[in-house]
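Some notes on the structure that comes next.
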Amino acid sequence: QVQLVESGGGLVEAGGSLRLSCEASGSIVFSINNMAWYRQAPGKQRELVAVITSGGTTNYADSVKGRFTVSRDNTKNTVYLQMNSLKPEDTAVYYCAAGLWVVPSSRVRYWGRGTQVTVSS
C-alpha cells in the first residue's frame, strides 16, 4: 500500500502565499518516483500544475510559471509546492501524484486525497 497525504491548504487573500506538502508512505521507493501536483477547480477538469522528476527536473503549467515552485526532499519522502502571488483563479483542490509516469493524469499510479486552496479577491 502507498499513501500520499497532502497538507498546507487553506484560505488566503489574493497576493498571498501557501506551501503545500505531500508526504509519501508505504511500499514506495520515493526517490525513484516522479512527483506532480495537479489541481481541480469546481466544474473543471483536473489539470497539471507542476512536475518534479526523480532527478530533480521541474516543469510548470504556463499559468503558474514564476509564481509556484515545486521541490522535493527524498530524506523525508516529501514533495512541496510553494505558491506565491496567489490569484483567485488558483482556487482548487490540489492533488499530489506519484509514479514512474505522472503525465498525463491517466497514467498516474498513486494519488493523494487532495487539499483545498481558496484564494479570496
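The values are calculated or read from the model by the stated rules, or taken from the named source; none is laboratory data. Remember, it's a predicted structure, so these values are computed and weren't measured experimentally. Note that we place each Cβ from the backbone using ideal geometry, even for glycine, and neighbour counts take in every protein chain shown. Note: areas computed on protein heavy atoms with side chains; ligands, DNA, RNA excluded. Shrake-Rupley method; radii C 1.70, N 1.55, O 1.52, S 1.80 Å.
How big is the accessible area of residue 65 in square angstrom, nearest 10, if you roll a 1.4 angstrom probe over the protein chains?
120 Å²
Around residue 80, what is the net charge, scoring Lys/Arg as +1 and Asp/Glu as -1 over all other residues with Cβ under 9 Å from its Cβ? Working shown, then result.
Values: positive: 19, 72; negative: 73.
Charge balance in the 9 Å sphere: +1.
At 1.4 Å probe radius, can you tell me the per residue accessible area of the chain in Å²? Write out the running numbers ahead of the final one.
Details: 6440 Å² over 121 residues.
Computed with neighbouring chains in place, this is 53 Å² per residue.
Within straight cross-link reach of residue 44, meaning Cα distance under 26 Å, which lysines are found once same-chain residues fewer than 8 apart are removed?
Output for residue 44: 65, 87.
Using a 1.4 angstrom probe on heavy atoms only, work out the carbon and sulfur share of the accessible area of the chain in %. Can you show the working numbers first?
Numbers: 3020 of 6440 Å².
Taking all protein chains in place, the chain shows 47 percent carbon and sulfur surface.
Please list, in order, the residues from the range 82-121 whose amide nitrogen is less than 15 Å from a point placed 7 Å along the Cα→Cβ vector of residue 73.
82
With r as the distance between the Cβ atoms of residue 7 and residue 103 and R0 = 30 Å, compute the FRET efficiency 1/(1 + (r/R0)^6) and round to 0.05.
0.80
Considering only the other residues whose Cβ falls under 10 Å of the Cβ of residue 105, what net charge follows from Lys and Arg at +1 and Asp and Glu at -1?
Cβ neighbours under 10 Å give a net charge of +1.
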